[in-house]
Structure formats: C-alpha cells, structure tokens
Amino acid sequence: MKEYTLFFLLVLAMFLWGSSWASSKILISYTSADIVTLWRFFFVFIGSIFLAFIFKIKLRIDRHIFKWVLLAGIFNSLYVLLLFTALNYGASGRGGVIVNTMIPIFSYLFFIFHVKLIKKEKIELKKSEIFGLCLGLISGLFLFDISKFNELFGPFNMLFLCCALIWSGGTILTYKTNSTNALSVNFHVNLISFLIFSPLLFKVQSYEIFSYDFKFWLAMFTLAFLSTIIGTSIYYYGVHKLGSKKANSFVLITPISALLISFIVLNEVPSTSTIIGCFFAILAIYFINIFSKKIKH
C-alpha cells in the first residue's frame, strides 16, 4: 500500500472515531446506558470474529497476559458505561473533545508516576514536555469552563473526566500485552466487557432495541462496526506500517472530527471556550507526544 493511501485511511479512521460520539448520543436517546453498553459490546464481539476470520488473525492469547486482559476488560466496560451515562448530561462534541484530549495527557502523567514512584527511576522532563503539560492545564480551564463554577463539578464534567482517567489506566494495562497481536487483545477485552454485561440479556427491556427504527441501527452500525472495528483496525495497521510516532500524530484529528460531526449530525454548536480548549489541548498533545520525540531523534 502506498504511503499517501495509508495517510488517507488514517484520516478516515480518525473521522470514524469522531463519529462515535454523535452515534453514541443518538443511541442513548432510545434506551438506558447499560442496555446500549450491552449491545455495543455484543456487536463489536461479533464483528471482531468476522474480522479475525477475514484477515486470519489468531485469537489465542498467552496465559501470562490474561490477568492484564481481564483488568483491561473491566476498565473498558466501566469506561463505556460511564461514557453513555455522561452523554445524558450534555453535548457529544464537547464530551469527545474532553475525553480525546485528556487521555494522552493523563496517560503521560501516569507514565511519569509509574517511572518515578513505582520503579524509583529518575526521569528528566524535556522543556517541550513541560510546556505541553502547561498547555494541557490551560486547555482544561477552557474545556471545563471554569467561568461557570456551579457546573464545574457537575455530572457532565466529572463523568467525562472519569472516562479519560479510566481509559488512560486501561492503556497501561494493554501496554503489558504488547507482545501479542493488538487486534487479538482488543477482541478479548471486548469479549470480557460483554460477559460483564451479559446478565442484562435476562431483562425483557434489553430486547426492545429490535423494535427501534433505522436511525438507531445506523448509529449502532457506525459505533460498533465502522468506528470501533474498522477505525481501530486501520489505526493498528498504521502503527505497524508507519510506527507509533507518525500514526499517533493523526489522533490529533479526532477531537476536531468529533466537534464537526456532532455539529453536522446533531446540530451541536460548540461554545467558544470548547473551541479554545480544543486548540490548546491539541497543542499540548503535540508537544508532549510528538514534538518531544522529534527533537529526541
């Protein structure tokens, strides 16, 4: 595959990820967060089996990494449930910006914590990384809109903040499995998440989704298949072909695409503070994860 074709596919993948926020907002308007979570994991599980068959991916994982996969599955299930719950309290585009920009920043802070306090190793922060962390703090002030103090600790901000923290913790767990095919790990993580919610299959309300209209099923198809399965597969393929530095630079597109698609599909007009916060957060991610690696090499 030519490089520019892969670049195009990675941009497409980031827009598929961005579309998941508008799709999730549509789904949660039909039924409760736990039921949407159940079926989201079910369809991702089924789609992953189909993908593994097409690309002949071995789904078996080594026994020594199972505990990390199990923990990642628990984190994943909690993340998705909180995400759907949080969407009941505000705009999907803003939520997408908060989560997608805070995750890399929190992941970096967790990395520093792990190296300094657990491994007891010295770590020297580059000036670009310190600058990026300062920009991340500024972005948070705008994204969480501190001018509205009464909403600062409201359910919308707190739930999405928890989502970013949980996902960041989950990335540390999945990093422990980096010796195994990423798509195979992703399959088992989603299988465990589905099993956690599988008792809901005994609830009559869980089957009401089969009476919903085309709009619901289009949103579910976009979320489960296009965003989670296809988008993630393209991303992992990009990491394999281009390396993590180049591939991760495309992740900067995701918060912008979340805002844009939510505006087009749901007519959500982002506030000035959200746009400014998004800008500073993207700069923060760039200086922490991309620029610092460029000057290192």
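This table checks each residue for (1) open to solvent by 10 Å² or more (accessible area, probe 1.4 Å); (2) among the acidic types (Asp, Glu); (3) farther than 18 Å from residue 81 by Cα.
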{"position": "11", "(1), (2), (3)": "yes, no, yes"}
{"position": "27", "(1), (2), (3)": "no, no, no"}
{"position": "36", "(1), (2), (3)": "no, no, no"}
{"position": "40", "(1), (2), (3)": "yes, no, no"}
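Give just the number: which of (1) part of a helix (DSSP H, G or I); (2) touching a residue at least 24 places away in the same chain (Cβ under 8 Å) does residue 50 not satisfy?
It fails just one condition, (2).
Restricted to segment 171-182, and to residues that are farther than 19 Å from residue 54 by Cα and hydroxyl-bearing (Ser, Thr, Tyr), which residue is modelled with the lowest pLDDT?
Here the answer is 179.
Among the residues of segment 85-94, which ones are in a helix (DSSP H, G or I) and surrounded by fewer than 21 Cβ atoms within 10 Å (Cβ to Cβ)? Lay out the reasoning, then the answer.
Initially, segment 85-94 is screened for residues in a helix (DSSP H, G or I), giving 85-89, 92-94.
Result: 85, 88, 89.
If you go through segment 139-164 one residue at a time, how many are at pLDDT 75 or above and either touching a His at 6+ places or on another chain (Cβ under 6 Å) or surrounded by fewer than 18 Cβ atoms within 10 Å (Cβ to Cβ) (or both)?
Residues that pass the stated criteria total 5.
Being among the hydrophobic types (A, V, I, L, M, F, W, C), in a helix (DSSP H, G or I) and touching a Cys at 6+ places or on another chain (Cβ under 6 Å) narrows it down to one of 12, 82, 71, so name that one.
Criteria check complete, one pass: 82.
So which of 97, 69 is at pLDDT below 95, within 15 Å of the chain's Cα centre (by Cα), open to solvent by less than 40 Å² (accessible area, probe 1.4 Å) and more than 15 Å from residue 165 (Cβ to Cβ)?
Exactly one of 97, 69 is at pLDDT below 95, within 15 Å of the chain's Cα centre (by Cα), open to solvent by less than 40 Å² (accessible area, probe 1.4 Å) and more than 15 Å from residue 165 (Cβ to Cβ), namely 97.
Which residue out of 204, 189, 265, 251 is surrounded by fewer than 16 Cβ atoms within 10 Å (Cβ to Cβ) and aliphatic (A, V, I, L, M)? Reasoning before the result, please.
Numbers: 189 fails: surrounded by fewer than 16 Cβ atoms within 10 Å (Cβ to Cβ); 265 fails: surrounded by fewer than 16 Cβ atoms within 10 Å (Cβ to Cβ); 251 fails: surrounded by fewer than 16 Cβ atoms within 10 Å (Cβ to Cβ).
Among 204, 189, 265, 251, only 204 is surrounded by fewer than 16 Cβ atoms within 10 Å (Cβ to Cβ) and aliphatic (A, V, I, L, M).
The conditions are (1) hydrophobic (A, V, I, L, M, F, W, C); (2) open to solvent by 20 Å² or more (accessible area, probe 1.4 Å); (3) within 29 Å of residue 274 (Cβ to Cβ), and residue 182 fails exactly one of them. Which is it?
Tallying (1) hydrophobic (A, V, I, L, M, F, W, C); (2) open to solvent by 20 Å² or more (accessible area, probe 1.4 Å); (3) within 29 Å of residue 274 (Cβ to Cβ), residue 182 fails exactly one: (3).
If I go through segment 181-205 residue by residue, how many of them are within 17 Å of residue 33 (Cα to Cα) and among the small types (Gly, Ala, Ser)?
Counting residues in segment 181-205 that are within 17 Å of residue 33 (Cα to Cα) and among the small types (Gly, Ala, Ser) gives 2.
State yes or no: is residue 20 more than 20 Å from residue 187 (Cα to Cα) and small (Gly, Ala, Ser)?
no
Wholly within segment 183-286, which helices (runs of 4 or more DSSP H) include no fewer than the required count, namely at least 1 residues that are farther than 25 Å from residue 7 by Cα, at pLDDT below 95 and among the hydrophobic types (A, V, I, L, M, F, W, C)?
The qualifying helices (runs of 4 or more DSSP H) are 253-266, 272-285.
The values are calculated or read from the model by the stated rules, or taken from the named source; none is laboratory data. Here the structure is a predicted model, which is why all the values come from computation and not from measurement. Backbone-built Cβ (ideal geometry, glycine too); neighbour counts: all protein chains shown. SASA here: full protein model, heavy atoms, side chains in, ligands and nucleic acids out. Shrake-Rupley method; radii C 1.70, N 1.55, O 1.52, S 1.80 Å.
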